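Here's the structure we're looking at; comments come further down.
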Amino acid sequence: MCGIIGYIGTENAVPIILDGLKRLEYRGYDSSGIAVMNRNGFEVAKQKGRLSSLENLIRQKPITGYMGIGHTRWATHGEPSDINSHPHLGNQNKIAIVHNGIIENYKQIKERLEQKGINFVSQTDSEVIAQLAEYYHTGDIIETIIKTANALEGSYALGIMCLDEPDKLVAIKKDNPLIVGVSEHGNFIASDVPAVLAHTNRVYYLDDKEIAVLSKDKVEFY
Ligand code: GLU
């Protein structure tokens, strides 16, 4: 087990996500990371080890944005390392994801994409999700997520950001928990309720293959 938290709203996502990750620590982890989206694209901080190491890293090299995704990893594919830590991005830095779970057919997907010239940087199963989503991406993020999810076998809870859609945070899950939280200042996804309780107790449990699209002031379900 391990954790995901994502935020889109009117506040800086970084302290909110760091606090949420601390509240998910009880689930166990070996590494952690955050990606935010801002005018420069994605900014990522990720590291093997305790959350305090991630906090130090961000203190030395601050990142900031109104939308972000955070992750605590319990490695299943690929050793605990900075590179294998989530979030993972596609080759063109257009899509960033965090993933809890196991992609059982990742080898086949990876081989297929490598044959098309796509380079992988990590040993994780999760990176195929970012690379495949970028490969499929035609401009419509929902369509992209549906196509990507249909190609995945295994379990997942996913938080997804796409540079082409800077005001949307997207989530989908299968056989792994994910909730949506709605607050006055913004909206959340998380593995579990305690991660968002400091901000809201209005939560919704996502069903398998249900897609949530969060903006700063609304949530839509597909
Ligand atoms: N299977 C993925 C990995 O090893 C995700 C593990 C997790 O759920 O934290 O990186």
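Condition first: away from the ligand (no atom under 16 Å from the Cβ), among the β-branched types (V, I, T), open to solvent by less than 60 Å² (accessible area, probe 1.4 Å) and touching a helix residue (DSSP H, G or I) at 6+ places or on another chain (Cβ under 6 Å). Can you find one or more residues in the stretch 97-105 that meet it? No, there is no match, as no residue in the stretch 97-105 is away from the ligand (no atom under 16 Å from the Cβ), among the β-branched types (V, I, T), open to solvent by less than 60 Å² (accessible area, probe 1.4 Å) and touching a helix residue (DSSP H, G or I) at 6+ places or on another chain (Cβ under 6 Å). Of everything listed in (1) within 16 Å of the ligand (Cβ to nearest atom); (2) open to solvent by 70 Å² or more (accessible area, probe 1.4 Å), the single unmet condition for H77 is (2). Within the option set E43, E11, E55, being open to solvent by less than 60 Å² (accessible area, probe 1.4 Å) and more than 16 Å from the chain's Cα centre (by Cα) holds for one residue only, E55.
Please indicate, with yes or no, whether at least one residue in the stretch 59-70 is within 15 Å of the ligand (Cβ to nearest atom), open to solvent by 10 Å² or more (accessible area, probe 1.4 Å) and either within 17 Å of the chain's Cα centre (by Cα) or under 27 Å from A198 (Cβ atoms) (or both). Checked the stretch 59-70: no residue is within 15 Å of the ligand (Cβ to nearest atom), open to solvent by 10 Å² or more (accessible area, probe 1.4 Å) and either within 17 Å of the chain's Cα centre (by Cα) or under 27 Å from A198 (Cβ atoms) (or both). Evaluation of N40 against the conditions (1) modelled with pLDDT under 95; (2) in contact with a His (Cβ under 8 Å, 6 or more places away or on another chain) shows that the sole unmet condition is (2). Taken over the stretch 180-205, the residue count meeting the criterion of being within 16 Å of the ligand (Cβ to nearest atom) and either on the phi > 0 side of the Ramachandran plot or surrounded by fewer than 22 Cβ atoms within 10 Å (Cβ to Cβ) (or both) is 1. Within the stretch 1-21, the residues that satisfy the criterion of being part of a helix (DSSP H, G or I) and within 16 Å of the ligand (Cβ to nearest atom) are I17, G20, L21. Evaluation of K46 against the conditions (1) in contact (Cβ under 8 Å) with a residue 24 or more places away in the chain; (2) charged (D, E, K, R); (3) not in a strand (DSSP E or B) shows that the sole unmet condition is (3).
Evaluating I142 against the criteria (1) free of Cβ contacts under 8 Å to residues at least 60 places away in the same chain; (2) more than 16 Å from the ligand (Cβ to nearest atom) leaves one unmet condition, (1).
Taking the stretch 25-43 as the range and being touching a Ser or Thr at 6+ places or on another chain (Cβ under 6 Å) and not in a strand (DSSP E or B) as the test, only Y29 passes. The one condition from (1) touching a residue at least 24 places away in the same chain (Cβ under 8 Å); (2) over 29 Å from N187 (Cβ atoms); (3) within 16 Å of the ligand (Cβ to nearest atom) that I118 does not meet is (3). Residues in the stretch 14-40 that are more than 19 Å from N93 (Cα to Cα) and open to solvent by 10 Å² or more (accessible area, probe 1.4 Å): P15, I16, L18, D19, K22, R23, E25, Y26, R27, G28, Y29, D30. Sub-9 Å Cβ pairs linking a first residue in the stretch 159-177 that is under 15 Å from G68 (Cα atoms) to a second residue that is polar (S, T, N, Q) and assigned to a loop (DSSP other than H, G, I, E, B), at least 6 apart or interchain, are L163/Q92; L163/N93; D167/S215; K168/S215; L169/S215, ordered by first then second residue. Is at least one residue of the stretch 156-174 surrounded by 20 or more Cβ atoms within 10 Å (Cβ to Cβ), part of a loop (DSSP other than H, G, I, E, B) and touching a Ser or Thr at 6+ places or on another chain (Cβ under 8 Å)? Checked against the condition, which is being surrounded by 20 or more Cβ atoms within 10 Å (Cβ to Cβ), part of a loop (DSSP other than H, G, I, E, B) and touching a Ser or Thr at 6+ places or on another chain (Cβ under 8 Å), the stretch 156-174 yields no hits at all. Of the helices (runs of 4 or more DSSP H) lying entirely inside the stretch 90-152, those containing at least 3 residues that are closer than 22 Å to L214 by Cα are 127-136, 141-151.
Within the stretch 42-65, identify whether any single residue is under 19 Å from L163 (Cα atoms) and of a type in the set (S, T, Y), and answer yes or no. Yes, the stretch 42-65 contains a residue that is under 19 Å from L163 (Cα atoms) and of a type in the set (S, T, Y).
The values are calculated or read from the model by the stated rules, or taken from the named source; none is laboratory data. This is a predicted model, so every value here is computed, not measured. Cβ atoms come from the backbone with ideal geometry, glycine included; neighbour counts cover every protein chain shown. With ligands, DNA and RNA removed, areas are computed over all heavy atoms of the protein, side chains included. Shrake-Rupley method; radii C 1.70, N 1.55, O 1.52, S 1.80 Å.
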